[in-house]
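The values are calculated or read from the model by the stated rules, or taken from the named source; none is laboratory data. Worth saying up front: this structure is predicted, and the values here are computed from it rather than measured. Quick reminder, even Gly has a Cβ in these numbers, built from the backbone with ideal geometry, and neighbours come from all protein chains shown. What goes into the accessible areas is simple: the full protein's heavy atoms, side chains included, and nothing from ligands, DNA or RNA. Shrake-Rupley method; radii C 1.70, N 1.55, O 1.52, S 1.80 Å.
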Amino acid sequence: MADPMRIRAQAAGDKTTVRVLMSHEMETGQRKDSAGKVIPAWFIQEVTATHNGKTVLTADWGPSISKNPFLQFVVKGAKAGDKIAITWVDNKGDKRTDEATVS
Amino acid sequence: MRTRTLIGLATLALCTGAQAQKSTADGIAEYRKMLEDGNPAELFEAKGEALWSQKRGPKNASLEKCDLGQGPGVVKGAFVTLPRYFPDTQRVQDLESRLVTCMATLQGFDAAEIAKTPFGRGEMANVTALATWIAASSRGMRFNLPQGNAAERESYEVGKRAFFYRGGTHDFSCASCHGEEGKRIRLQDLPNLTKNPGDGIGFAAWPAYRVSNGQMWSMQLRLNDCFRQQRFPYPGFGSEVTIALATYMGVNAKGAESIAPAIKRRRRCK
Amino acid sequence: MQTRREMLARSATVAGLLAAAGFLPTSALAAWPQAAFDAKTLADAVKALGGSAPVESKDVSITGPDIAENGAVVPLGCATTLPGVKRLLLLVEKNPNVLAAVFNVTDAIEANLSTRTKMGQSSNVFAVAMMGDGKVLYAAKEIKVTLGGCGG
Amino acid sequence: MKKLPLLAGGTLAAALLAGCATGPSPAEMDAKANQLIKSSFRDQGIAKTDRLAQDLGQSACSSDKAPDDATADKIMAEALVTVKWPAGGQFIGDWRTGERLAQDGRGMTWTDNSTDPKSNGGNCYNCHQIDKKEISYGTIGPSLWNYGKNRGITDPAAPATAPIVQYTWVKLWNSKAYSACSNMPRFGHKGLLDEQQLRDIMALLLDPKSPVNQ
């Protein structure tokens with residue numbers, strides 16, 4: 001199973017900045033191993049962010065997002081104690097969801 | 001030293017059009033600053049923290065009773081006092097070899113088997129994650145390795161000799177690159193590790209996340225790759241020389257602030 | 001000083017719980033836009049996403065370093081001050097496939113997102129805003145990827 | 001150096017564990033360190049543990065103190081006689097190949113497959129500035145920009161330039177001939193680069209047409 005994400009969600013006024021680190025290889029499918037064999041593509045394709053259960057952002061990613069991806073966005077109206085959840089799904093169908101409380 | 005104020009990502013969004021011409025050094029400093037917020041080392045920290053309290057291994061036990069030198073279970077402050085002498089094993093141990101001892105005695109893992117595992121795989125990857133979290137728990141603290149025990153003083157003396165030991169096809173020692181002030185390999189600044197090189201530099205920066213390959217590098221792996229580039233044979237994981245070198249660098253770094261786990265941006269030598 | 005660790009909001013693992021409760025919003029996602037991610041140019045990628053010809057605009061901004069020491073990790077941001085944006089895109093002109101990310105923006109977030117991308121070489125990068133009224137606006141910036149040294 | 005009475009092995013260990021103030025002598029520490037260095041490494045690929053065996057030039061330069069003058073002289077004299085001159089007195093090769101070798105830092109590690117010099121680079125830019133167009137250069141060694149020009153070389157084959165040409169060849173073949181504890185690898189002596197590769201690096205430094213001498 002995939003390793004956990006790190007989600008930081010910090011409120012300032014009526015805005016909450018969310019910073020996410022995801023644990024993923026993000027293999028492009030264009031690299032070769034030492035034996036010259038192509039390493040198959042393996043990358044996060046879809047990312048969803050929710051605020052107290054309501055979807056606020058969806059994203060489609062390609063393999064050129066860096067390994068162990070970083071994502072930052074700002075949620076309007078979120079306040080301390082609210083829940084921010086992030087879900088990713090990769091091209092092999094693996095998925096992972098983690099949740100953080102706004103501080 | 002550069003005194004120019006670094007621009008954060010958010011501010012940058014407002015003033016892209018008005019950016020003046022910057023020097024290469026300023027440009028690179030700006031790039032480094034951008035990467036500091038959101039160091040993927042945090043992912044390994046989180047993994048290590050979870051592993052510490054998780055019941056695992058043949059004995060289905062956690063590591064919460066592991067003694068890193070500050071008493072059983074005490075994590076904060078341990079990193080900046082390692083390597084040190086441990087009475088139970090009767091040897092000086094660095095963080096990683098001590099973790100393997102705890103995994104063997106508390107959880108029932110085979111220590112020799114872990115030591116043989118390549119970096120980044122299996123239980124060795126878990127040792128690195130644990131070391132990352134334990135290092136992070138001492139972030140901002142200053143190095144202060146104990147030297148009260150004769151074995152600790154001997155470790156320092158062995159480490160010093162290993163640091164200057166020339167060998168291999170190229171006659172290199174650690175000191176060939178890290179024995180003088182203000183030297184570089186290509187564009188890479190080389191810390192002088194025969195003294196305190198400053199806060200967060202050299203010994204005080206590892207474990208570190210390397211953006212070039214997206215890997216978390218522990219001090220044992222850092223030393224391993226130094227020896228590879230020195231054209232030496234392969235140092236055993238947790239071997240006497242690697243621990244003695246860590247003692248030498250750690251004692252020399254007395255007073256330096258730990259920033260580990262750091263983020264390193266360099267490409268590897270080709 | 002408080003350590004950065006202590007400031008972090010703890011991200012609890014709730015994958016199983018959310019999935020069991022039927023909260024995983026995967027059904028809300030459209031299929032991954034394969035054709036757009038196969039595109040070799042900015043215009044083709046936008047076209048594959050159903051957009052019209054992109055027009056350069058000062059109301060869209062692209063952020064990133066002037067120089068990236070390591071092309072494996074290049075921080076990029078895209079933003080617009082205009083209301084009514086539906087999608088923000090990030091693209092790297094000289095990558096084998098230009099499109100890096102598509103962000104489907106809602107009113108609940110600001111139209112300002114950042115991530116990190118790989119860059120094989122020095123290149124232009126683009127931020128594109130696909131607007132609700134069908135307009136497609138973009139901004140460009142050049143980023144140099146240095147060869148760097150070794151060690152460290 | 002302070003001489004302390006020798007302790008038997010068992011007593012030494014006991015004294016250490018007891019935290020006794022009497023430590024081992026520096027010479028005993030040297031012996032102990034050497035033994036621990038030998039036992040800490042293993043063979044991996046082409047990098048075998050015999051690489052830890054030191055010759056005089058390595059062992060005498062393995063501390064923070066320089067060797068005494070007599071030892072240094074001995075190292076330099078022994079190094080000088082190892083130098084093999086190039087076949088046919090041909091010192092100068094192709095500076096383009098030399099530049100490529102100077103850029104290449106590969107070879108002889110445990111992740112390399114062959115010890116054949118043909119698979120090695122010269123590592124030069126890691127430590128030296130050479131062609132000014134390359135901004136990514138190291139500073140462990142001196143700048144070699146205008147190396148030949150600064151020494152007045154207009155024709156490397158002219159008899160008048162022989163001392164400089166020969167000096168440079170010796171420096172590349174076995175740097176210890178001129179500096180007992182030089183940081184520079186002994187490229188010829190240790191078989192890191194072959195004769196033709198050394199000629200090409202000679203050309204990079206000495207050929208008036210080389211970008212180094214513009």
Ranked by accessible surface with a 1.4 Å probe, highest first, in what order do D:Thr71, C:Thr115, D:Thr115, C:Thr81 come? C:Thr81, D:Thr115, D:Thr71, C:Thr115
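For chain B, which whole-number percentage of the solvent-accessible area (1.4 Å probe, protein heavy atoms only) is attributable to carbon and sulfur atoms? Can you show the working numbers first?
Values: 5190 of 10070 Å².
Roughly 52 percent, rounded to a whole number.
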State, as an integer percentage, the relative contact order of chain D based on alpha-carbon contacts under 8 Å between residues 6 or more apart. 24
Can you compute the charge dipole magnitude of the protein assembly as shown about its Cα centre, using +1 on each Lys and Arg Cβ and -1 on each Asp and Glu Cβ, nothing else charged? Give it in debye, rounded to the nearest 20. 260
Between B:Thr117 and D:Glu28, with labels modelled 7 Å along Cα→Cβ, what's the label distance in nm to one decimal, could you check? 4.0
Ignoring ligands, DNA and RNA, how much accessible area is buried between chains D and B, both sides summed, with a 1.4 Å probe, to the nearest 100 Å²? 4600
Rg in Å to one decimal, and Dmax rounded to a whole Å, for the range D:34-107 via C-alpha atoms: 17.7, 47
Give me the percent of the accessible area of the range A:6-101 that comes from carbon and sulfur atoms, probe 1.4 Å, all protein chains in place. 48
Buried accessible area between B and C, both sides, 1.4 Å probe, in Å² rounded to 100, is 3100
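Just to be sure I understand: if you take the accessible area of chain A alone plus chain C alone and subtract the pair, with a 1.4 Å probe, what total do you get in Å², rounded to 100?
3900
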Apply the a/c threshold of 1.5 to the C-alpha gyration tensor of the protein assembly as shown and tell me whether it is rounded, prolate or oblate. oblate
If you place +1 on the Cβ of every Lys and Arg, -1 on the Cβ of every Asp and Glu, and leave all else neutral, what size is the dipole of the range D:93-214 about its Cα centre, to the nearest 20 Debye? 280
Comparing B:Thr117, B:Thr128, B:Thr194, which has the greatest mean-square fluctuation in the GNM of chain B with Cα pairs linked when under 10 Å apart? B:Thr117
Once normalised by the length of the range A:6-101, the mean sequence separation of its alpha carbon contacts under 8 Å that are 6 or more apart gives a contact order in percent of 33
Which whole-number value in Å² is the accessible area per residue of the protein assembly as shown, probe 1.4 Å? 42
Return the equivalent ellipsoid semi-axes of chain D as a descending list in whole Å, where each equals the square root of 5 times an eigenvalue of the C-alpha gyration tensor. 41, 20, 16
Within the range C:124-147, find all residues whose amide N lies under 15 Å from a label point positioned 7 Å from the Cα of C:Ala53 along Cα-to-beta-carbon. C:135-138
Residues of D:149-161, mean number of Cβ from any other protein chain within 10 Å of their own Cβ, rounded to a whole number? 0
Restrict the search to the range B:145-231; then list the GluC sites (Glu not before Pro) that DSSP places in a loop and that have at most 12 other Cβ atoms within 10 Å of their Cβ. B:Glu181
Taking 8 Å as the Cα distance limit and 6 or more residues as the minimum spacing, I'd like the relative contact order of chain B as a percentage. 22
Taking r as the C-beta separation of D:Gln90 and C:Asp44 and R0 as 56 Å, the FRET efficiency to the nearest 0.05 is 0.50
Report the Cα-based extents of the range A:6-101 along its three principal axes, largest first, to the nearest Å. 54, 21, 16
So what does C:Lys94 come to for accessible area, using a 1.4 Å probe and Å² rounded to 10? 110
Of B:Lys47/C:Lys86; B:Lys160/B:Lys264; B:Lys264/D:Lys209; B:Lys254/C:Lys118; A:Lys32/D:Lys118; B:Lys183/D:Lys74, which ones are farther than 31 Å apart at the Cα? B:Lys47/C:Lys86; B:Lys264/D:Lys209; B:Lys254/C:Lys118
Find how many whole Å separate the alpha carbon centroid of the range A:58-92 from the alpha carbon centroid of the range B:145-166. 47
Given a Förster distance of 22 angstrom, what is the FRET efficiency for D:Glu78 paired with D:Asp50, based on the Cβ-Cβ distance and rounded to 0.05? 0.65
Give me the distance between the Cα centres of the range C:86-112 and the range B:71-135, rounded to whole Å. 43
